[in-house]
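What follows is a set of notes on a single structure, which appears directly below.
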There are 4 protein chains.
Amino acid sequence: MEPIVQNTLPKISVSEFNQLLADQHPFASLLEIEVVSIGHGSAVLLLPNRSAHQRLGGIIAGPMLMGLADLALYAAIVGATGNPEAVTASLSINFLRKAPPGGVLAHATILKTGRLASGDVLLVPAVGGNPVAQVISTWSLPREK
Amino acid sequence: MEPIVQNTLPKISVSEFNQLLADQHPFASLLEIEVVSIGHGSAVLLLPNRSAHQRLGGIIAGPMLMGLADLALYAAIVGATGNPEAVTASLSINFLRKAPPGGVLAHATILKTGRLASGDVLLVPAVGGNPVAQVISTWSLPREK
Amino acid sequence: MEPIVQNTLPKISVSEFNQLLADQHPFASLLEIEVVSIGHGSAVLLLPNRSAHQRLGGIIAGPMLMGLADLALYAAIVGATGNPEAVTASLSINFLRKAPPGGVLAHATILKTGRLASGDVLLVPAVGGNPVAQVISTWSLPREK
Amino acid sequence: MEPIVQNTLPKISVSEFNQLLADQHPFASLLEIEVVSIGHGSAVLLLPNRSAHQRLGGIIAGPMLMGLADLALYAAIVGATGNPEAVTASLSINFLRKAPPGGVLAHATILKTGRLASGDVLLVPAVGGNPVAQVISTWSLPREK
């Protein structure tokens with residue numbers, strides 16, 4: 001699915017977004033997520049392979065994948081709007097398969113911005129192969145202070 | 001909402017569940033969650049107040065609340081079934097309000113067990129007051145090994 | 001779960017709500033839903049037993065139950081706010097069991113109103129017994145014209 | 001997003017699927033849906049423009065769009081598996097925009113089959129333009145009788 005606006009520069013760069021996370025979002029460091037790319041309404045983030053992220057069976061725990069998806073949506077929305085005040089209003093995730101070792105990539109795409117934004121995320125193994133989870137989510141965009 | 005079976009002993013105790021998390025679910029220690037109680041198809045878990053769990057605005061980050069809800073459902077399902085192999089199939093969360101300082105309690109209730117289980121979670125401030133999020137979730141229960 | 005405000009009169013009566021459906025919501029007559037009661041942030045609606053609502057296996061079709069839940073939330077929100085312009089922003093449903101003959105009751109409860117409202121619905125057989133589906137949903141409340 | 005298997009014939013044709021709906025799914029005739037195409041894990045269905053499907057404001061009612069999405073997923077799953085016994089386990093929908101007159105197309109794609117299937121749907125105006133809703137859903141696949 002294509003982002004809402006193509007051929008438009010993102011309103012935040014990867015390095016600016018990393019700085020935003022470091023300054024304002026302490027929880028993000030628990031996930032050790034790497035931001036691969038940010039577009040205008042799209043983003044790709046990587047959850048690296050960490051034994052600390054596992055659950056029974058040696059698979060990546062669901063909450064780590066939810067955190068990855070949530071941050072990917074945040075990056076895509078800030079990329080489209082420049083508004084760091086965006087907050088998740090709702091998020092739904094379906095888990096499809098166990099993630100093999102080697103990290104998980106999240107591909108987020110925003111389909112609507114405005115007072116309420118909406119988008120989806122596909123989570124795929126970093127080594128390739130079938131998707132491990134899919135997500136849709138709505139976000140509330142308060143006025144910037 | 002009442003759990004699926006009342007007046008029935010849970011199939012795991014709080015101390016046994018804590019041991020299960022310590023032995024098999026490394027990710028749980030990232031959240032520092034405390035298990036308050038487990039019933040037969042119900043559970044109450046506490047996400048303690050930690051600055052490491054915050055996001056922009058000094059509020060508890062969404063992924064921390066999703067992790068809290070997911071673990072509360074897991075405790076309630078293992079309390080009803082005794083099966084630690086249960087895995088999340090889907091989870092939907094609505095965020096209602098910012099959580100004030102002082103920790104967040106998750107009240108999980110299972111409405112159906114079987115090959116596919118389903119339940120809900122209400123997240124409320126530990127100091128009382130209006131709920132901060134509500135969750136419904138389905139779980140897949142593989143045969144125990 | 002208790003509605004957001006108790007001991008407060010609803011902002012619409014059952015007969016006024018039925019008139020609103022008849023005048024402005026043509027689709028509602030397809031479902032033949034009966035409004036049992038409306039409170040300030042709560043509502044109970046009945047989907048009567050109709051062979052036209054069935055799917056393979058003689059069970060009530062999922063979309064009929066989604067429509068019932070959506071209208072129950074609408075009644076509860078208009079009961080709390082008086083604003084008929086409310087529209088669904090997101091809805092998540094888990095199906096728990098097949099519904100036996102005899103109609104399905106939806107119990108809707110609103111946990112938050114404001115620019116964005118949120119609530120849940122439990123769907124139970126009219127003849128009693130275990131719930132057949134559970135729902136959470138967010139709603140957008142535009143300014144009244 | 002591509003269906004799970006490409007270049008494979010669907011296990012049901014459009015005319016066979018229409019016959020299945022006519023014989024076994026009475027509720028489908030309430031929606032008057034037209035099946036445009038079915039692939040192996042994908043389907044396109046049309047909700048035609050009907051005043052009977054409208055809600056306040058002259059827009060297509062949410063439950064009609066949920067019914068359209070649910071049937072599109074059913075067509076895509078039967079197209080991939082040939083199993084008409086598939087039932088919805090969970091469905092989440094985000095509403096993005098009001099649908100303009102002229103009908104709504106649902107594009108369903110299945111990302112996983114097995115005991116539990118999962119897929120997504122994008123709902124777009126038949127006349128083109130931005131999507132009006134997005135859906136993810138899980139399905140339970142009982143053994144065929």
Unmet requirement for B:VAL132, which otherwise passes all of (1) in contact with a Lys or Arg (Cβ under 6 Å, 6 or more places away or on another chain); (2) surrounded by fewer than 19 Cβ atoms within 10 Å (Cβ to Cβ) | (2)
Which one is farthest from D:GLY41 (Cα to Cα), of the residues in the range D:59-87 that are β-branched (Val, Ile, Thr) and surrounded by 24 or more Cβ atoms within 10 Å (Cβ to Cβ)?
-> D:ILE60
Which is modelled with pLDDT of 95 or more, in contact with a Phe, Trp or Tyr (Cβ under 6 Å, 6 or more places away or on another chain), farther than 20 Å from C:ARG97 by Cβ and not β-branched (Val, Ile, Thr), of D:ALA80, D:ALA72, D:ALA133?
-> D:ALA133
Residues in the range D:57-106 that are within 11 Å of chain C (Cβ to nearest Cβ) and either among the small types (Gly, Ala, Ser) or assigned to a strand (DSSP E or B) (or both) total 18
Selection count where residues are over 12 Å from A:ILE77 (Cβ atoms) and either of a type in the set (Asp, Glu) or more than 10 Å from every other protein chain (Cβ to nearest Cβ) (or both), scope the range A:128-144 | 4
Does any residue of the range D:116-127 turn out to be more than 13 Å from chain C (Cβ to nearest Cβ), modelled with pLDDT of 95 or more, within 21 Å of D:LEU20 (Cα to Cα) and in contact with a Lys or Arg (Cβ under 7 Å, 6 or more places away or on another chain)?
-> no
Among residues of the range D:43-56, those that are within 8 Å of another protein chain (Cβ to nearest Cβ) and not in a helix (DSSP H, G or I), counted = 3
Within the range A:104-145, work out how many residues are closer than 16 Å to A:ASN49 by Cα, touching a residue at least 40 places away in the same chain (Cβ under 8 Å) and among the small types (Gly, Ala, Ser).
-> 2
If you go through the range D:118-131 one residue at a time, how many are under 30 Å from B:SER140 (Cα atoms) and either of a type outside the set (A, V, I, L, M) or more than 14 Å from the chain's Cα centre (by Cα) (or both)?
-> 3
Is there a residue being touching a strand residue (DSSP E or B) at 6+ places or on another chain (Cβ under 9 Å) and under 21 Å from A:THR88 (Cβ atoms) anywhere in the range B:109-116?
-> no
Select from the range B:37-56 the residues that are touching a residue at least 40 places away in the same chain (Cβ under 8 Å) and among the small types (Gly, Ala, Ser) and list them in ascending order.
-> B:GLY39, B:GLY41, B:SER42, B:ALA43
Determine which member of the set D:ARG50, D:ARG55 is more than 16 Å from the chain's Cα centre (by Cα) and surrounded by fewer than 22 Cβ atoms within 10 Å (Cβ to Cβ).
-> D:ARG50
Checked against (1) over 22 Å from C:SER90 (Cα atoms); (2) in contact with a strand residue (DSSP E or B) (Cβ under 8 Å, 6 or more places away or on another chain); (3) of a type in the set (Lys, Arg), B:ARG97 satisfies every condition except (1)
Quick one: A:GLN24 ticks every box in (1) facing chain B (nearest Cβ under 9 Å); (2) over 29 Å from B:GLY58 (Cβ atoms); (3) surrounded by fewer than 18 Cβ atoms within 10 Å (Cβ to Cβ); (4) touching a residue at least 12 places away in the same chain (Cβ under 8 Å) except a single one, so which number is it?
-> (2)
Over the range D:73-118, the set of residues closer than 24 Å to C:GLY57 by Cα and of a type in the set (Phe, Trp, Tyr) is D:TYR74
Restricting attention to the range A:33-42, does a residue exist that is within 14 Å of chain B (Cβ to nearest Cβ) and not basic (Lys, Arg)?
-> yes
What is the one condition in (1) under 23 Å from C:LEU21 (Cβ atoms); (2) more than 11 Å from the chain's Cα centre (by Cα); (3) not basic (Lys, Arg) that C:PRO100 does not satisfy?
-> (1)
Conditions (1) more than 7 Å from every other protein chain (Cβ to nearest Cβ); (2) assigned to a strand (DSSP E or B): number failed by A:PRO10 = (2)
Which of the residues belonging to the range B:109-134 are hydrophobic (A, V, I, L, M, F, W, C) and touching a Pro at 6+ places or on another chain (Cβ under 9 Å)?
-> B:ILE110, B:LEU111, B:LEU122, B:LEU123, B:VAL124, B:ALA126, B:VAL127, B:VAL132
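The values are calculated or read from the model by the stated rules, or taken from the named source; none is laboratory data. For clarity, every value in this text was computed on a predicted model and none was experimentally measured. Cβ coordinates were reconstructed from backbone atoms using ideal geometry, including for glycine residues, and neighbour counts include every protein chain displayed.
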